[in-house]
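*Asks:* The structure is given below, and queries will be raised subsequently.
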Amino acid sequence: MLKKTTLALAGAALFLAWNCLLLLFLWSRPASFPAPPEIPENSRHLPAQLLRLAQDAESELRLQRQLLLQIQLSSRLRRQKTPKPPQISTAAPDPEFPVIPVLVLACDRSSVRRCLDKILLYRPSARRFPVIVSQDCGHAETAAVIASYGRAVAHIRQPDLSDVPVPPEHRKFQGYYRISRHYRWALGQVFRTFRYRAAIVVEDDLEVAPDFFEYFQAVLPLLRGDPTLWCASAWNDNGREGLVDAARAELLYRTDFFPGLGWLLLAELWEELEPKWPAAFWDDWMRQPEQRRGRSCVRPEVSRTMTFGRKGVSHGQFFDQYLKFIKLNDRFVPFTQMDLSYLKKDEYERFFLQQVYSAPEIQLEELQKGTGRDSGPVRLQYRGRDSFKVLAKALGLMDDLKSGVPRAGYRGVVSVVCRGRRVFLAPPSDWTGYDPSWS
């Protein structure tokens, strides 16, 4: 419509200009010359006719201008009433400064503001770290909180809010089915629709640390270059105050346990997982040998996320006993200026396993005495599922296993701090692999 109006306006202007030139030409002719006798009488009044035509053209021009102004006003009003679609960059990636979106999964927690405030406070660049909030549930109050951030975040909505068909014995787990469906849809948007090559996944009840973005920016090249890694997580399952060395916040580890709770994955991994994505319990599904396929994640000594969401589909499971005590790192570590090549599998296993099995083996009672005569690392050895759980509980660790893998463990080894000493809870040195029957 606007294009047609512009053409009409241009035509009217051209018509007016031509007639004005013709009128000026006729007026400039000498008045003393009578009209030639062969010209008909009615043609002698041509200047007056041209003048009328010019006036008509000018009226038409004014009409077209008014019409154009009305169209522009109407278009402006429509833009004000219609929300703008999410402004999500699809520019070609810069190898030196890659774009890594942060996908925030939200539902019905208006406290998502606490999560978003810290993300926006600490992110170093809006262009390199766009924030996409994917909302399920259709909760109006939460939607209003997300909308209050304007163009600082992109707000997308899960279109299917229906109940998920579940087996009769899983009726009380409907929430887990909806979460898994939401994850699949949201990750599909990030990798299929917006075509990003990597993404950080955060849930709406997480608070991030000052160096959250620095950490993920530094470990991204590791994921891209080492096929034995399949994720990086900001979370340490055993990261309670007193179980970590807060003075060594730069320490990073490999772990065979999928931590979640603020994690980075590549588009290639999503291409692998999407076709078989589970109907429910997606995080435990990720911990199965069929998905992990012998691969590990990177995790920190001190967590770069903490959870404040006691209320949820898990009804606060583990929150009061473990999760609310997780220490959040409070100082900035310049990971991008550090050499993280020690996390590559071969190099890591050389120094980590040597450190573990060169540490003297002691008994739990000796550790609990805390004589202080030796502050070096020590090893507590377990030989089966039951002995692992006894030692883990005594140390204050999370003692559950998923597909036989202990939380934060690597090759069966869990590294923690106890009474100011580094303690390796480890299987025998001839360890041959995880036993899924331990779960």
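*Asks:* Ignoring ligands, DNA and RNA, how do T336, T228 rank by accessible area with a 1.4 Å probe, largest first?
*Replies:* My answer, sorted largest first, is T336, T228.
*Asks:* In Å, what Kirkwood hydrodynamic radius results for segment 316-439 from the alpha-carbon pair distances? Display every interim value, and only then the final one.
*Replies:* Numbers: mean 1/r = 0.0619 Å⁻¹.
About 16.2 Å for segment 316-439.
*Asks:* So for segment 324-392, Kirkwood radius off the Cα pairs, Stokes-Einstein at 4 °C and 1.567 mPa s: how many µm² s⁻¹? Can you show the working numbers first?
*Replies:* On the way: Rh = 15.6 Å.
For these conditions, the coefficient is 83 µm²/s.
*Asks:* So, one more: Can you give the Rg and Dmax of segment 102-328 based on its C-alpha atoms, in angstrom?
*Replies:* Gyration radius and largest Cα-Cα distance of segment 102-328: 16.9, 50 Å.
*Asks:* Within segment 371-411, list the residues whose amide N lies under 17 Å from a label point set 7 Å along Cα→Cβ of D430.
*Replies:* Flagged as within label range: 381-384.
*Asks:* Tell me the label-point distance for the pair K324, R151, using the 7 Å Cα-to-Cβ offset, in nm and rounded to one decimal.
*Replies:* Between K324 and R151, the label points sit 4.1 nm apart.
*Asks:* Ordered by packing density, taken as the mean number of other Cβ atoms within 10 Å over each peptide's residues, highest first, how do 391-404, 290-303 rank?
*Replies:* Order by mean packing, descending: 290-303, 391-404.
*Asks:* Label-point separation (nm) for M338 and E361, each offset 7 Å from Cα along Cα-to-Cβ?
*Replies:* Those two pseudo-labels are separated by 3.2 nm.
*Asks:* Where does segment 356-426 land on Rg(C-alpha)/(2.2 N^0.38 Å)? If you can, show how the numbers build up before the last one.
*Replies:* On the way: Rg = 11.6 Å, N = 71, 2.2 N^0.38 = 11.1 Å.
Normalised Rg, Cα atoms only: 1.04.
*Asks:* Place a +1 charge on the Cβ of each Lys and Arg in segment 356-426 and a -1 charge on the Cβ of each Asp and Glu, then give the dipole magnitude about the Cα centre in debye, rounded to the nearest 20. Can you show the working numbers first?
*Replies:* Numbers: 13 positive and 7 negative charges, 30 e Å.
For this selection, approximately 140 debye.
*Asks:* Continuing with this model, one more query. Enumerate the amide H contacts of R379 below 5 Å, restricted to partners 5 or more residues apart or on another chain; note that Pro and chain-start residues carry no placed amide H.
*Replies:* Residues meeting the amide H criterion: E361, I362, F424.
*Asks:* Continuing with this model, one more query. Once you have the alpha carbon radius of gyration of segment 247-375, what is it after dividing by 2.2 N^0.38 Å, with N set to its residue count?
*Replies:* Details: Rg = 18.3 Å, N = 129, 2.2 N^0.38 = 13.9 Å.
So segment 247-375 has a normalised radius of gyration of 1.31.
*Asks:* Roughly how many Å is it from the Cα centre of segment 120-137 to that of segment 245-277, as a whole number?
*Replies:* 19 Å
The values are calculated or read from the model by the stated rules, or taken from the named source; none is laboratory data. This one's a predicted model, so the numbers in the text were calculated from it and none came from an experiment. Heads up, the Cβs are rebuilt from the backbone with ideal geometry, glycines too, and the neighbour counts pull from every protein chain shown. Remember, those area values only see protein heavy atoms, side chains included, never the ligands or the DNA or RNA. Shrake-Rupley method; radii C 1.70, N 1.55, O 1.52, S 1.80 Å.
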